[in-house]
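Presented below is the structure to which this report refers.
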Amino acid sequence: MYAPSCIFCKIIQEELPCAKVYEDAHTLAFLDLNPIRPGHTLLLPKIHADTLLNLDSGSGEALMQAMRKIGQAMITGLGAEGFNCLQNNFSAAGQEVMHLHWHIIPRNRADQLAFRWNPGKYADKDEMTALAQKLGGHIA
Ligand code: AMP
Ligand code: ZN
């Protein structure tokens, strides 16, 4: 349930402090120490999971509900015009803390925040279809 060396498990167990935003039976949310924007919040399941791949089956709905509540509060309470929900899995994707968490980031049109995102193109429809089939074929 808790991983002994995990800093987010220590926060859940109140062995380390946090600026708490929200809590329910399955989830905890607190402010990121290094905000991309003021109000940048981390949302996590209380049961330890390294990544989305080993999230316990009981926490998914609560996490989605909490994400919606926090996003709504950013709009209502912080004057955000939108919000991003971002989630990194494994170090290759930028994950630094190995306890599954979502970054919920309040956004405004004028905030000038940009994510490095360089979209490419497929050579043709056949390449796209083949890749969709390869990927889909591995979904259990
Ligand atoms: P990630 O790169 O997705 O694993 O994000 C980890 C995030 O956790 C970073 O944005 C850190 O700023 C944040 N962080 C690490 N330790 C703490 C902490 N004790 N309290 C709040 N945020 C933290
Ligand atoms: Zn943990």
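List of remarks:
- Those trypsin sites (Lys or Arg not before Pro) in region 33-126 that DSSP places in a loop and that have at most 13 other beta carbons within 10 Å: Arg116, Lys121
- Taking 0.36 nm per residue of separation and subtracting the Cα-Cα distance, full extension of the segment from Val97 to Tyr22 would add 25.0 nm.
- Within a straight-line Cα-Cα reach of under 16 Å, Lys10 can be paired with the following lysines, leaving aside sequence neighbours fewer than 8 residues apart in one chain: Lys20, Lys46.
- With respect to the chain, whose longest principal axis is taken over its alpha-carbon atoms, helix 60-78 is tilted by about 70°.
- Across the chain: Cys residues that no other cysteine approaches within a C-beta distance under 4.7 Å: Cys18, Cys85
- Here the label points at Phe115 and Thr76, each 7 Å from Cα along the C-beta direction, are separated by 2.6 nm in the simple model.
- In the chain, the longest principal axis of the Cα atoms and the axis of helix 125-137 are about 50 degrees apart.
- Inter-label distance, Asp56 to Asn84: 3.1 nm, where each label sits 7 Å from its Cα along the C-beta direction.
- Gyration tensor (alpha-carbon) shape descriptor, region 1-68, a/c threshold 1.5: oblate
- Along the chain, longest interval not containing exposed chymotrypsin sites (Phe, Trp or Tyr not before Pro), exposed being DSSP loop plus at most 12 other Cβ atoms within 10 Å: 1-89
- Exposed GluC sites (Glu not before Pro) absent: longest stretch of the chain, with sites in DSSP loops and at most 11 other Cβ within 10 Å deemed exposed: 16-95
- All-pairs Cα distance distribution in the chain, expressed in whole percent, bin size 5 Å: 2, 9, 16, 18, 17, 13, 10, 8, 4, 1, 0
- Summary value for the chain: 21 percent relative contact order, contacts being C-alpha pairs under 8 angstrom separated by 6+ residues.
- For Arg107, distant residues with modelled amide H under 5 Å away: Glu81, Gly82, Phe83, Asn84
None of the figures in this text is laboratory data; all of them are computed from the coordinates on show. Just so we're clear, the structure is a prediction, and the values are computed from it rather than from any experiment. All Cβ positions, glycine included, derive from the backbone under ideal geometry; neighbour counts span all protein chains shown.
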